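> Pasting a structure here, questions to come.
The values are calculated or read from the model by the stated rules, or taken from the named source; none is laboratory data. These figures come from a predicted structure and were not determined experimentally. A quick note on method: Cβ atoms are made from the backbone with ideal geometry, for glycine too, and the neighbour counts reach across all protein chains shown. We work out accessible area using only protein heavy atoms, side chains counted, and drop any ligands, DNA or RNA first. Shrake-Rupley method; radii C 1.70, N 1.55, O 1.52, S 1.80 Å.
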Amino acid sequence: MPSKPATDSIRVQNLSRVLTLLHRRGPLSRAQLTRLTGFNRSTVGALTSELSRLGLAYETEPAAAGRAGRPSPLVHPNERVAALAVHPDVDAVTVGLVGLGGKVHRRVRYDAAAVPGVAETLSITRAVVEGMTAELASMDRIVGVGAAVPGLVDSTDGSVRLAPHLGWENEPLAESLSRTLGLPAFAGNDATLGTLAESVFGAGVEQADVVYLNGSASGIGGGVIVGGMPLGGAAGFAGELGHTLVRSDGLACFCGRRGCLETEVNLGGLLEPLGLKHADLEQLEEAMAARRTPGFEAAAARQLDMLAEALVNFVNIFNPSTILLGGFLGVLFSFDPRRLQNAVAHGGIGGLGRQVQIRRAALGADLLLVGAAELAFADLLAAPAAALNSAEQTPQPAAGA
């Protein structure tokens, strides 16, 4: 087959660049796009017009700026081009509908009576999607589904090699989701996707050196960004920060060691003294704020001190400018931020602990859904027109599917 003309390849790259900017930065004027891309005004105009024709962007008139001349139109990513997102955990399956620009249209958490297997996860996901009939009907297009899984995931085919807390091993999750929902499906590690989401839309924007930790019912995962690049590792599984040793005589961990971070700092250790079996992040934060009893404060303080041990290690190893805490770790940090900050400040070598900023992840309960949706948006952002042509051949989810 003849190769594509160079002009076609350049056009694909230029459309990708503009759409990615809109997706990650939100509405931008044509003038801003001209400045950010280095393209001339006529090129930007042609590209934004094509994205509008494809249904991926739309323009509005800006508010009056009080300056002479016609103001530059404001270009928006079309938030009604969306992806489904799934996050299975030991206590619940959460399903979301996420539009371009990271807009979460709907989030549904389904509490599970027991640790959900793959079959139950698929059944719950299908039922929740069927319950989103109105939201799905209001979308212009659903491009795919992404799953954020607490375990080792092969990014080449979306299969779960091992998710020990879920009891999953060698499960073709992406293939099963695609067959269940009739959409292209992808899967990745939840903490890695959380790192991506916070870097693109949250507290890690424009941060080049970041350590991110996410705490969920299944444990603690993490991700590291060094010099603006995510740390992947030889097999792509870097970031198992939950297995950092924080207490040599600590509790036994499923990995075979004792005193891992995720055994000493865990959601169950916060829920039990609060008298709760399950809680989403909002419920946990409300309960912690309302029950400042000596017994609970002691439990929270112990977990903060163990968390500080791990963070000091990460400061000494990675020298990040920022540490981001998501999931229940963000709630725990907010309970007594000074305790954690002081411990890290005094623990890092050479004053490194005093230089690092510790922040709560900004995306809250939407974090992993936004990250999972990025998997589904990847092809669209890389080649907008080609991805849409492919999607037109893919059945869209429907009630009763």
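> Suppose we keep only residues that are in contact with a Phe, Trp or Tyr (Cβ under 8 Å, 6 or more places away or on another chain) and open to solvent by 20 Å² or more (accessible area, probe 1.4 Å) within the stretch 7-24. Which one would you say is farthest from Gly202 (Cα to Cα)?
Asn14
> Just for the stretch 283-304: of the residues that are touching a helix residue (DSSP H, G or I) at 6+ places or on another chain (Cβ under 7 Å) and closer than 18 Å to Thr94 by Cβ, which one is surrounded by the most Cβ atoms within 10 Å (Cβ to Cβ)?
Filtering first and then ranking leaves Leu284.
> When you check Gly236 against the structure, is it out of contact with any helix residue (DSSP H, G or I) (no Cβ under 6 Å at 6 or more places or on another chain), assigned to a loop (DSSP other than H, G, I, E, B), closer than 25 Å to Ala187 by Cα and in contact (Cβ under 8 Å) with a residue 24 or more places away in the chain, yes or no?
yes
Per-residue answers, yes or no, for (1) closer than 27 Å to His346 by Cβ; (2) not in a loop (DSSP other than H, G, I, E, B):
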{"position": "Lys277", "(1), (2)": "no, no"}
{"position": "Gln283", "(1), (2)": "no, yes"}
{"position": "Met288", "(1), (2)": "yes, yes"}
{"position": "Leu304", "(1), (2)": "yes, yes"}
{"position": "Phe314", "(1), (2)": "yes, yes"}
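> Another question about this same structure. Within the stretch 89-135, take every residue that is among the charged types (D, E, K, R) and without any contact (Cβ under 8 Å) to a residue 40 or more places away in the chain and give me the one that is nearest to Glu79 (Cα to Cα).
Residue satisfying both the conditions and the ranking: Lys103.
> Restricting attention to the stretch 328-368, which residues are within 19 Å of the chain's Cα centre (by Cα), among the small types (Gly, Ala, Ser) and open to solvent by 40 Å² or more (accessible area, probe 1.4 Å)?
Within the stretch 328-368, Ala362 is the sole residue that qualifies.
> How many residues are open to solvent by 60 Å² or more (accessible area, probe 1.4 Å), among the hydroxyl-bearing types (Ser, Thr, Tyr) and modelled with pLDDT of 90 or more if we restrict to the stretch 139-193?
Summing the residues that are open to solvent by 60 Å² or more (accessible area, probe 1.4 Å), among the hydroxyl-bearing types (Ser, Thr, Tyr) and modelled with pLDDT of 90 or more in the stretch 139-193 gives 0.
> Sticking with this one: Would you list the strands (runs of 3 or more DSSP E) that sit entirely within the stretch 143-215 and hold 1 or more residues that are more than 22 Å from Cys260 (Cβ to Cβ) and hydrophobic (A, V, I, L, M, F, W, C)?
185-189
> Residues in the stretch 25-36 that are crowded, with 16+ Cβ neighbours inside 10 Å and assigned to a helix (DSSP H, G or I): how many?
Result for the stretch 25-36: 5.
> Right, another one. If a residue has to be under 29 Å from Asp157 (Cβ atoms) and surrounded by fewer than 22 Cβ atoms within 10 Å (Cβ to Cβ) to count, how many in the stretch 240-266 make the cut?
Counting residues in the stretch 240-266 that are under 29 Å from Asp157 (Cβ atoms) and surrounded by fewer than 22 Cβ atoms within 10 Å (Cβ to Cβ) gives 6.
> Residue by residue through the stretch 196-211, note down the ones that are more than 18 Å from Met306 (Cβ to Cβ), buried (at least 20 other Cβ atoms within 10 Å of the Cβ) and touching a residue at least 60 places away in the same chain (Cβ under 8 Å).
Of everything in the stretch 196-211, those that are more than 18 Å from Met306 (Cβ to Cβ), buried (at least 20 other Cβ atoms within 10 Å of the Cβ) and touching a residue at least 60 places away in the same chain (Cβ under 8 Å) turn out to be Leu196, Ala197, Glu198, Phe201, Gly202, Ala203, Gly204, Val210.
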